[in-house]
Amino acid sequence: MNLNRISAVATAFMLSIFGGIGQALAQDGAPDPLGAPTPWQVGLQGAASPVKEALVDFHNLLFYIITAICVLVLALLVYVVLRFNDKKNPTPSSTSHNTLIEIAWTALPVLILLVIAIPSFRVLYFMDRTEEAEMTLKVTGRQWYWDYEYTDQEGVAFSSYMIPEEDLGPGQRRLLEVDERVVLPVGTNIRVLVTAGDVIHSWAVPAFGIKTDAVPGRVNETWVRIEQEGVYYGQCSEICGTGHAFMPIAVEAVSKERFAQWVAEKQTAMKTDGAAPAVQVAQQAR
């Protein structure tokens, strides 16, 4: 094992031990540690929706199972090395079959897969869609920005573009800030319809546990229920061309009262301007 490999193994070991401490230190004092990645962060972003909480619980279950498997295999290897080395066993055993061991190493993996499969299916079913949607947000991926349409709020639609680095204001995050954020109410079951107008994109917000492909000619459905107010960031997670790294997602979660006020302001502004929604303007420009 060369020096680089030894260094990599040592680094991974230290991160596994001190990862939780590092994450806590990194998030301490951050402006919005829940909705965005933080420097030196280790582990998953904080959960802001029931779906993400379910995914975190499933992730932790898998971690415990993997750890138990690794410990068991290591213990067996150590036992074999100590018990069956050349000094203690100068005459090797001629045993070729052991029915009990063969049944065990066949049945045990099956049981482990069942333990994994049952909660996995439960999470997949839970995150698929909501049966009691209170509102709908339609998301359309384009090269290289997002179109948003609030299908329950007549006339509310706009396009969202990344703010260039040279135009960022104080406290704004590079490659994550947009000129117009998606505004959504907390404590609301929101149906999210995702599609694309050109190539395949992927609408992903880690804090919500959402990563849904946007496919031209197809509408994929997911959902979110945001538990607390704040700003949550994401990015396109499908390589969609030269501007792939420059189409972020910014969702501002507000109270239901503030959301209703925002919708009214949007509708009034569009009527006052006498112009078509930004989505239609962008489509006509192409």
So, in region 42-72, exactly how many residues are part of a loop (DSSP other than H, G, I, E, B) and hydroxyl-bearing (Ser, Thr, Tyr)?
1
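Quick check: is even one residue across region 100-123 over 41 Å from the mean Cα position of the chain (by Cα) and not assigned by TED's automatic domain parsing to the domain that holds residue 220?
yes
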What's the number of the condition residue 180 fails, among (1) farther than 27 Å from residue 38 by Cα; (2) touching a helix residue (DSSP H, G or I) at 6+ places or on another chain (Cβ under 9 Å)?
(1)
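Please go through region 162-179 and pick out each residue that is free of Cβ contacts under 8 Å to residues at least 24 places away in the same chain, assigned to a loop (DSSP other than H, G, I, E, B) and not aliphatic (A, V, I, L, M).
Within region 162-179, the first condition is being free of Cβ contacts under 8 Å to residues at least 24 places away in the same chain, and the residues that meet it are 163-170, 172, 174, 179.
Subsequent filtering for residues that are assigned to a loop (DSSP other than H, G, I, E, B) retains 163-164, 168-170, 172, 174, 179.
Passing the criteria: 164, 169, 170, 172, 174, 179.
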So which of 234, 230, 187, 241 ends up being of a type in the set (Gly, Ala, Ser) and more than 20 Å from residue 46 (Cβ to Cβ)?
241
Among the residues of region 191-210, how many are free of Cβ contacts under 8 Å to residues at least 60 places away in the same chain and part of a strand (DSSP E or B)?
7
For region 86-104, enumerate the residues that are exposed (fewer than 10 other Cβ atoms within 10 Å of the Cβ) and not in a helix (DSSP H, G or I).
86, 87, 88, 90, 91, 92, 93, 94, 95, 96, 97
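Would you check which residues across region 113-148 are closer than 21 Å to residue 249 by Cα and polar (S, T, N, Q) and list them?
136, 140, 143 - these are the residues of region 113-148 that are closer than 21 Å to residue 249 by Cα and polar (S, T, N, Q).
The values are calculated or read from the model by the stated rules, or taken from the named source; none is laboratory data. Quick caveat, the model's predicted, so the values are computed rather than measured. Counting neighbours? That spans all protein chains shown, and the Cβs are built from the backbone with ideal geometry, glycine included.
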